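J.: Would you mind keeping the following structure in view while I ask a few things?
The values are calculated or read from the model by the stated rules, or taken from the named source; none is laboratory data. On a predicted model such as this, the values are computed, not experimentally measured, just so you know. Note: ideal-geometry Cβ built from the backbone for every residue, glycine included; neighbour counts use all protein chains shown. Heads up: the accessible areas ignore ligands, DNA and RNA and are worked out on the full protein's heavy atoms, side chains in. Shrake-Rupley method; radii C 1.70, N 1.55, O 1.52, S 1.80 Å.
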Amino acid sequence: MKNLGVFIFPGVQTLDLFGPLEMLGVDDKIKIKLVAQKPDPVPTRHGQRILPDATIAEERRYDLLLIPGGDAAIPLGRRPNVKDWLIKTSQSAELVMTVCTGSILLAMTGVLDGKRATTNKQDFQATTPLGPNVNWVEKARWVQDGRFFTSSGVSAGMDMSLAVLAQLFGRDTAEWMADGSEYDWHDDPGWDPFAEKCGLGHQG
C-alpha cells in the first residue's frame, strides 16, 4: 500500500485535483491523504469546500506526492512553510507528480532545477520564468524525469496519473482504471495539440 499525500490550497483547480485522484484511487494499492496549510475546510476554485486529512505542520512521510494547480498555486511558492514542506516531502517521496501550475509551484522551490518538466500551455510563457533553472518542455502532455512526473494543464493530470499507475503496478492496472472511468487514456506523453494552439512547439 502506497501513501499518497495531496497538497491542497484555497483556489485549487477542481479537475487538477479530482481527475488524478479518480485515476489513482485504487483501493487496495494507494491510500490518499489531503494535506493543507491549516485544518480548516479548503475552498476550491469553484467554491466547494474540502476537509483536509492532515496539515503541513505534521511530521508525516508520503510515498507519493501530488501537487495540483490553480491560479492561487504560484503565490504559495513564496511562503517559507509551504516551500520547506514541499522540498522535504519531495526529497523523501518515491514519486512526485504535478499538474498544471502545480509544476510552477514546485519549480519555485528549486526541486526541479536541472530537470525536464512541463506545465499548462496557456500560461506557459508567463509562468515558466519563475523556474529559470528547469528545462521546460513546451510540447508534452506530461514529462517524466526520474521520479518526477509533471503534466500540462488540467485534464492532462489524468493521463499522467495513469502513466504513474502503469509504472507502479503495471499497465493492466492503469487500463482497468481508465476503462472503469470510461476515460480515453492518451498514453503518449508527446501528444499535445494544445502546445501549437498556444504558439509553442519545442519538444524536449
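J.: Which value, in debye to the nearest 20, gives the size of the charge dipole of the chain about its Cα centre, when Lys and Arg are +1 and Asp and Glu are -1 at the Cβ?
T.: Details: 21 positive and 26 negative charges, 168 e Å.
For the chain, the charge dipole is close to 800 debye.
J.: For D184 and H46, compute 0.36 nm times the residue count separating them, minus their Cα-Cα distance, and round to one decimal in nm. Could the numbers behind the result be given before it?
T.: Numbers: separation 138, 0.36 × 138 = 49.68 nm, distance 2.52 nm.
Going from the current span to full extension adds 47.2 nm.
J.: In the chain, what is the count of Lys pairs whose alpha carbons are under 16 Å apart, counting only pairs at least 8 residues apart or on separate chains?
T.: Working: K2/K29; K2/K31; K2/K33; K38/K83; K115/K139; K121/K139; K121/K197; K139/K197.
Total qualifying Lys-Lys pairs in the chain comes to 8.
J.: I would also like to ask the following. Could you calculate the contour length gain from L130 to R147, that is, 0.36 nm times the residue separation minus the distance between their Cα atoms, to one decimal place in nm? Working shown, then result.
T.: Details: separation 17, 0.36 × 17 = 6.12 nm, distance 2.16 nm.
Separation in residues times 0.36 nm, less the Cα-Cα distance, equals 4.0 nm.
J.: Express the carbon and sulfur contribution to the solvent-accessible surface of the chain as a percent, rounded to the nearest whole number, probe 1.4 angstrom. Show your work: numbers first, answer last.
T.: On the way: 4210 of 9070 Å².
Exposed carbon and sulfur together represent 46 percent of the surface.
J.: Give me the 1.4 Å probe accessible area per residue for the chain, excluding ligands and nucleic acids, in Å².
T.: Numbers: 9070 Å² over 204 residues.
Solvent-accessible surface per residue comes out at 44 Å².
J.: Heads up, I need the accessible area for C198: 1.4 angstrom probe, whole protein in place, Å², nearest 10.
T.: Accessible area, nearest 10 Å²: 40 Å².
J.: Given a Förster distance of 22 angstrom, what is the FRET efficiency for A57 paired with R78, based on the Cβ-Cβ distance and rounded to 0.05?
T.: On the way: r = 18 Å, r/R0 = 0.84.
Rounded to the nearest 0.05, the efficiency is 0.75.
J.: Here's another thing I want to ask about it. Where in the chain is the longest stretch that carries no chymotrypsin sites (Phe, Trp or Tyr not before Pro) classed as loop by DSSP and with at most 16 other Cβ atoms within 10 Å? Mind showing how you got there, number by number?
T.: On the way: sites that count: Y183, W191.
Result for the longest clean stretch: 1-182.
J.: Would you look at the GNM of the chain, springs on alpha carbons closer than 10 Å, and say which of S155, S90, S181 moves the most?
T.: Most flexible of the set in this elastic network: S181.
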